[in-house]
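A.B. asks: Quick one: the structure is below, and I'll ask about it shortly.
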Amino acid sequence: MAGIGAAVLAGGAAACTSSGTDAPAGPDALGAGRAGASTAPPAGAPGVGGTLQVLVAGPVATWDPQLMYVGPEAFFAQRTFARGLTAYGTGAHQRDLLGDLATDTGTSRDGGRTWRFTLRAGPTWQDGSPVTCADVRHGVARTFDRRTHVGGTNYASFLLDVPTRVTPEGLEKPVYAGPSDTAHEGDLERAVACDGRTITFHLREPEPDFAQIVALPEFAPRKASSDTPSDAASYAVMSSGPYRLAAPWDPERGGTFVRNERWDPRSDPIRHAYPDAIRVTSGLEEQGVIQRLLNQQDDDTYAVSWVQASPTLRNQAGTDLQARLTFPYTGNVDYLALNQRSPVLSKPAVRQALALSTNRATYLAATGGDGAGTATWSVLSPAVDPRAVTPPSGADVEGDPEGARAVLRRAGVTLPVPLRVVYARSVLTDKAYAALAAGWERAGFAVTLTGVPPEEYYETIEKPGAVDDYDVFRGAWTPDWPSAGGVLPALFDARINLDSSGPGQDVGYFGNRAVETLVDRADATTDPAQRATVWRQADRTIREQGGYIALSATKALHLHGAGVRGYEDHAVGGIVDLATVAVR
């Protein structure tokens, strides 16, 4: 489950300002991305031309940036037709935030409460009209319309300094209600101010991560004249990037993106746009996608997909197949949230013993072995730095049940300790939690496992009564942007989670004044290195207090056709990077 906009009101670990002068060379500098470029690429380098095939399992829900949540389809859109103020780089710069439609990653001189961006002079829509500040503001305005904004992230409505009022349900909501709300139009115009090519965002509270937040599709510009009430509106594409839809999108079959003749690579420091066309085939079965990629018949030699293949493919012989497999981290962490209001877990020694007896090795083996990911001690490492995912040398991923039993005995706890654990049921998780339970029982716990159908799981654990029903909750988290600010506040800051309606994302009811103080300190710290230090301290405090037990940083196995060149899975997008992939 990814981050929820309502839960994230605190800062993070990205740079507050950037000049953008250290960005990697753009497409024009490489002689690519321009149809008919006369400079031939070096031998072995990706070249311009051809058609890339993209195989999609199931339907594409929407191509409307404001309705798209963080995930593969959103990243596809951002690399092909929906540019943003900022975006993430390519190659060795994948985790570097760069100016995209903006000249840089913005400036803030008041600790992160006011952010200014300057639009580049060159970007246009596919009809040749320039991308303007008003277009950016209109895109943001659409997220305030609660009648139509039924998907996507909703950071704008929580972060922007727009007046609010309490609804009959007791919820605080902005008075502004979208583009049709002319009565409160001035409130949005003050919060998102336009002055020529300069756009200024006024926030309610400091947000050092705002430059990363505006990289989300929620903040993509939208030309007001492209709004339409028709049923096909969610698939209508007005492109500001290198590709445009050649014909109306077919929800059952897909469509083809061709070159946007109005895109100027000199205005785009990120997208190379090597293929002449990108054919997206949707509505497929997952296994069918993998089989097509294995067989590579016809144009499937030039195909990519974000469908995850079985980890067993990594064990199959053949250098050709192995060369077509990639195994990236997804940014997701599996973890256990410990119920801080549980009588059983009220003693710190019991929480310590539970963590000590947790066998991550058996958990990983049950969920797919090394194909499932890597054991991790922290929920932060995959989001902030995947190189820190692997536990320190000598760490015992198998747990120490005998040592845990000794901890319980020294604390005078009566054995066995009853423990009620709830998780989202599947064939793999049934095995995984049975394996965890075996280690806990060796330590002196009497475990009751409750598996809930996945589609009912979050509704079950976020009900107010769940705090009385369970001691341990299964958790999984993928942050909306790669920093600690997209993880810790959302999961463990009681102030933005806990109320009479339930725990929000803080399903373990973790509340700690010391941690809240550190969250506020991180918010107020503009230096990225110093802020990262504060976040690490907060994470360590949460773990020491038994707020969570991290299990694994998950990975995905992707397969692509042998004719695809320059293939890279993006560290932030989680799928093949359409900004650099080629078929020539």
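The values are calculated or read from the model by the stated rules, or taken from the named source; none is laboratory data. In this text the structure is predicted, and so the values were computed from the model without any measurement. Note: ideal-geometry Cβ built from the backbone for every residue, glycine included; neighbour counts use all protein chains shown.
A.B. asks: Which residues, counting only those in the range 116-131, are buried (at least 19 other Cβ atoms within 10 Å of the Cβ) and polar (S, T, N, Q)?
C.D. replies: Thr118, Gln126
A.B. asks: May I pose another question? Pick out, from the range 309-424, the helices (runs of 4 or more DSSP H) lying fully within it that include 2 or more residues that are more than 26 Å from Val56 (Cβ to Cβ) and at pLDDT 95 or above.
C.D. replies: Per the criteria, 348-356, 401-410.
A.B. asks: Could you say which residue among Ala74, Ala92, Ala87 is within 20 Å of the chain's Cα centre (by Cα) and in a strand (DSSP E or B)?
C.D. replies: From the options Ala74, Ala92, Ala87, the qualifying one is Ala87.
A.B. asks: Follow-up question, since we're still on this one. Check Ala220, Ala177 and return the single one that is within 30 Å of the chain's Cα centre (by Cα), assigned by TED's automatic domain parsing to the domain that holds Asp64 and over 22 Å from Asp480 (Cα atoms).
C.D. replies: Details: Ala220 fails: over 22 Å from Asp480 (Cα atoms).
Being within 30 Å of the chain's Cα centre (by Cα), assigned by TED's automatic domain parsing to the domain that holds Asp64 and over 22 Å from Asp480 (Cα atoms) holds for just one of Ala220, Ala177, which is Ala177.
A.B. asks: Counting only residues that are touching a residue at least 12 places away in the same chain (Cβ under 8 Å) and in a helix (DSSP H, G or I), how many does the range 448-467 have?
C.D. replies: The qualifying residues number 7.
A.B. asks: Looking at (1) in a loop (DSSP other than H, G, I, E, B); (2) of a type in the set (Lys, Arg); (3) out of contact with any Ser or Thr (no Cβ under 9 Å at 6 or more places or on another chain), find the lone condition where Arg109 falls short.
C.D. replies: (3)
A.B. asks: Exactly one of these conditions fails for Arg540: (1) surrounded by fewer than 16 Cβ atoms within 10 Å (Cβ to Cβ); (2) under 25 Å from Thr358 (Cβ atoms); (3) touching a strand residue (DSSP E or B) at 6+ places or on another chain (Cβ under 7 Å). Give me its number.
C.D. replies: In the conditions (1) surrounded by fewer than 16 Cβ atoms within 10 Å (Cβ to Cβ); (2) under 25 Å from Thr358 (Cβ atoms); (3) touching a strand residue (DSSP E or B) at 6+ places or on another chain (Cβ under 7 Å), Arg540 misses (3) alone.
A.B. asks: Take the residues of the range 442-496 that are of a type in the set (Asp, Glu) and surrounded by 23 or more Cβ atoms within 10 Å (Cβ to Cβ): which is farthest from Glu402 (Cα to Cα)?
C.D. replies: Asp480
A.B. asks: Of the conditions (1) among the small types (Gly, Ala, Ser); (2) surrounded by 18 or more Cβ atoms within 10 Å (Cβ to Cβ); (3) closer than 30 Å to Arg410 by Cβ, Ala514 satisfies every one except a single condition; which number is it?
C.D. replies: That leaves (2) as the condition not met.
A.B. asks: Can you name the number of the only condition in (1) modelled with pLDDT of 90 or more; (2) among the hydroxyl-bearing types (Ser, Thr, Tyr); (3) crowded, with 18+ Cβ neighbours inside 10 Å that Ser18 fails?
C.D. replies: All conditions pass for Ser18, except number (1).
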